Structures are given as C-alpha cells and as structure tokens.
Amino acid sequence: MKLIKNAKILDNGELKSTSILIDGQYIKEMNENINIDEGTEVIDANGQFVAPGLVDVHVQLREPGGEHKET
C-alpha cells in the first residue's frame with residue numbers, strides 16, 4: 001500500500017487538504033488522518049495537487065500527407 005500525505009485535491013469545486021491511501025490500483029481511503037500498517041510506503045506531497053489522471057483532448061489533424069505535423 002501507499003499513502004500520499006499532505007495532498008491538495010479539488011472535490012466538488014472545494015479545495016481540500018487530505019491524505020490518500022492507495023491499495024494496488026484503487027483508492028482505499030481519503031481522510032486527513034489515516035492509520036497505516038508498518039511497511040506502507042509514505043509519499044509526502046508537500047501541499048501539491050494530486051489528481052487521478054488528466055487527459056489532454058486537444059488534437060490537430062492535418063490533410064493526408066501532413067500527418068507528421070499532427071499533435
């Protein structure tokens with residue numbers, strides 16, 4: 001398991017400070033104070049934003065033959 005502590009998240013438009021406990025690929029708990037087992041990897045976010053994933057959907061398509069210019 002991993003614990004990300006001192007993280008900032010945006011929840012329903014509200015900025016919150018929290019800790020996030022991750023078990024494998026899943027978020028197990030989000031709370032300011034989380035009890036952890038010995039051996040849990042702790043990552044200090046130092047007040048940085050944490051997001052589960054962001055996708056850049058901006059794309060520029062080109063005419064046939066100009067695909068090398070696509071982003």
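Please treat every number below as a calculation from the coordinates, not as lab data. As the structure is a computational prediction, the values presented were derived from the model and not from experiment. Methodologically, a virtual Cβ is constructed for each residue, glycine included, from the backbone with ideal geometry; neighbour enumeration extends over all protein chains shown.
What ranking do LYS5, LYS16 get, fewest neighbouring Cβ atoms within 10 angstrom at the top?
Ordered by Cβ neighbours within 10 Å, fewest first: LYS16, LYS5.
When each of VAL55, VAL50, VAL42 is scored by the number of other beta-carbon atoms lying within 10 Å, the sequence from fewest to most is VAL55, VAL42, VAL50.
The average projected area of the chain, computed from the convex hull of its Cα atoms over all directions, is 7.4 nm². Spin-label model, ILE34 to ASN46: label points 7 Å out along the Cα-to-beta-carbon direction sit 2.1 nm apart. Across the chain, C-alpha contacts under 8 Å between residues 6 or more apart give a mean separation that, scaled by the residue count, equals a relative contact order of 32 percent. Summarising the strand pairing of the chain, around 70 percent of its internal DSSP beta bridges are antiparallel. Label zone of LEU54 (point 7 Å out along Cα→Cβ, amide N under 15 Å): in segment 1-19 this covers 8-11.
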